[in-house]
Amino acid sequence: MRPLSMVTKVEDRAPRVVAAQPYGPAAAITRRAADRLRAGHLWVYRSDVESLVPPLGATEIQPGSLITVMDSRGIPLGTGLYSSASQIAVRIVSSEAALPRATYLEQVRERLHAALALRDEVSPESMENDAHRLIFSEADNLPGIVADRYNDLVILQLLTQGTAQDDLRQLLTEVLRERLRPDTGGITIWERPDPKIRELEQLDPPTPGPLHANTTESPQLTTIFTINGLQFHFDAGSGQKTGAFLDQRLNYAAAARYASGNALDICTYQGGFAIHLAQNCRHVTGVDASRSALEVADRNRELNPGLAAQVDWIEADAFELLREYESTGQQYDTIVLDPPAFAKSKRAAEGAMRGYKELNLRAMKMLRPGGTLITCSCSHHVPLQEFTEVVSAAATDAGRHVQLLETRGAAPDHPAILTLPETSYLKCLICRVG
């Protein structure tokens, strides 16, 4: 591959714009970042950009552009989507340099078909399961694109300056319409921005209304979807992320197999774990700080009238409630801990570890001998080994003999990339507490 013209290296951490080159927009990156890309990582952080090369006739690189990434010697490493705002300055989409937008869109079409074919294999639609992740960003070689399906609704997220563009919206809508239920009424597709990421990426809000509707009447916003044979409400206009946590689908089922007796589900959100536990327990208490989430959880309970357990909901802070329950001697046979991401940045990892330890320590003290602890973390800044170590430290401080029965992750419709550790974000440990 022919090296690009050299660019001037700068000593400070702010990228310097240098003279335009005939190869199109480009970024020269540090040796450390180049080594990561050669090892299979797909991100270039802003702190690793040494200089920026605008296209001919321009003074800057437009947000969302496809740019060539090269090492400090000018050797190209591939093409990526450029963000002028995010700390992830470039997301690699091809090993080919100077990739045109038209070619990128052709590759997106091919990769989208491959992603949908994978879901047909690892998470096929059935009477028992009609909700799954269709597209998982870098994991499907489609950085900045996420799509989740809930029965006849598809929720699309375009999370970068390079993907939140009309040509990509049109392509994705076209392929999803063709592939999903074309003979049985079709689907409705909504774009739902993540407010925090939209702010970080400086993205405009999407145009109101669905990208595609399966009816000429009022566009559908709600549905009922099924996972593991249980039914749940879905509202495209509310809830977190795309609306539900489909990555826990198989962990819900595994937890139900181990659960028994009196169960406590901490951070239940809309009742995913709690309703699964209720298949085999006598009594289940779901706890969450969000009243609106608990209201949906109770509607989900009503959707499944055959549950064996009595189910109650408590609106409370998880830490405060566990402190109170431990001090009053509350005992349970099964406890689930599924808190939101404590570490949303590397700086927050230390505080997150303290939070995970406190939750697990108190839960272990409240479990009857032989009880089951299902403990989760969705913080990608807390690797599996560190999470396991903090649960182990909690067991030591609680004076309990803890057996690790299963180590689990996200369902296979949320695949991980071995060379991108950030995609292995979900950890679920199932433990027997003696």
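The values are calculated or read from the model by the stated rules, or taken from the named source; none is laboratory data. Quick caveat, the model's predicted, so the values are computed rather than measured. Cβ placement follows ideal geometry from the backbone for every residue including glycine, while neighbour counts extend to all protein chains displayed. In case anyone asks, the SASA skips ligands and DNA or RNA and just uses the protein heavy atoms, side chains included. Shrake-Rupley method; radii C 1.70, N 1.55, O 1.52, S 1.80 Å.
Only one residue in F225, F234 is part of a strand (DSSP E or B), farther than 20 Å from C378 by Cα and more than 18 Å from the chain's Cα centre (by Cα), so which one is that? Give the derivation first.
Working: F234 fails: more than 18 Å from the chain's Cα centre (by Cα).
Going through F225, F234 in turn, the sole match is F225.
Go through (1) in a strand (DSSP E or B); (2) in contact with a His (Cβ under 7 Å, 6 or more places away or on another chain) for T68 and report which single condition fails. Only one criterion is unmet by T68, namely (2).
For segment 161-169, does any single residue satisfy the condition of being polar (S, T, N, Q) and surrounded by fewer than 21 Cβ atoms within 10 Å (Cβ to Cβ)? Yes; the residues of segment 161-169 include at least one that is polar (S, T, N, Q) and surrounded by fewer than 21 Cβ atoms within 10 Å (Cβ to Cβ).
Does segment 257-273 include one or more residues that are among the β-branched types (V, I, T) and free of Cβ contacts under 8 Å to residues at least 60 places away in the same chain? Within segment 257-273 (the criterion being among the β-branched types (V, I, T) and free of Cβ contacts under 8 Å to residues at least 60 places away in the same chain), the answer is no, since none of the residues qualifies. Just one residue in the set N262, N228 is at positive phi, open to solvent by 10 Å² or more (accessible area, probe 1.4 Å) and in contact with a Lys or Arg (Cβ under 7 Å, 6 or more places away or on another chain); that residue is N228.
Does E50 meet the test of being closer than 20 Å to G162 by Cα and open to solvent by 10 Å² or more (accessible area, probe 1.4 Å)?
Values: closer than 20 Å to G162 by Cα: no; open to solvent by 10 Å² or more (accessible area, probe 1.4 Å): yes.
Judged against the criteria, E50 is not a match.
The residues listed here are E125, E110; of these, the one that is part of a loop (DSSP other than H, G, I, E, B) and either closer than 21 Å to L153 by Cβ or free of Cβ contacts under 8 Å to residues at least 60 places away in the same chain (or both) is E125.
Only residues that are of a type in the set (V, I, T) and open to solvent by less than 70 Å² (accessible area, probe 1.4 Å): list them for segment 387-399, please. Break it down stepwise before answering.
Just the residues of segment 387-399 that are of a type in the set (V, I, T), to begin with: 388, 390-391, 396.
Answer for segment 387-399, where residues must be of a type in the set (V, I, T) and open to solvent by less than 70 Å² (accessible area, probe 1.4 Å): T388, V390, V391.
When V402, V433 are screened for being open to solvent by 20 Å² or more (accessible area, probe 1.4 Å), at pLDDT 95 or above and closer than 17 Å to Q331 by Cβ, only V402 passes.
Is there a residue being of a type in the set (D, E, K, R), touching a residue at least 60 places away in the same chain (Cβ under 8 Å) and more than 30 Å from I88 (Cα to Cα) anywhere in segment 307-330? Within segment 307-330 (the criterion being of a type in the set (D, E, K, R), touching a residue at least 60 places away in the same chain (Cβ under 8 Å) and more than 30 Å from I88 (Cα to Cα)), the answer is no, since none of the residues qualifies. Say we look at segment 177-208 and pick out the residues that are touching a helix residue (DSSP H, G or I) at 6+ places or on another chain (Cβ under 8 Å) and not in a loop (DSSP other than H, G, I, E, B); which of these is surrounded by the fewest Cβ atoms within 10 Å (Cβ to Cβ)? Selected residue: R179.
The numbered conditions (1) among the aliphatic types (A, V, I, L, M); (2) crowded, with 19+ Cβ neighbours inside 10 Å; (3) within 26 Å of V146 (Cα to Cα) are all true for M364 except (3).
In segment 414-426, the residues that are under 16 Å from R133 (Cβ atoms) and touching a residue at least 40 places away in the same chain (Cβ under 8 Å) reach residues that are open to solvent by 40 Å² or more (accessible area, probe 1.4 Å) and not in a loop (DSSP other than H, G, I, E, B) with C-beta atoms within less than 6 angstrom, at least six apart or across chains, in these pairs: T423/I417.
Just to be sure before I move on: is R301 more than 23 Å from L246 (Cβ to Cβ) and open to solvent by 30 Å² or more (accessible area, probe 1.4 Å) in the structure I sent? Steps first, please.
Working: more than 23 Å from L246 (Cβ to Cβ): no; open to solvent by 30 Å² or more (accessible area, probe 1.4 Å): yes.
Judged against the criteria, R301 is not a match.
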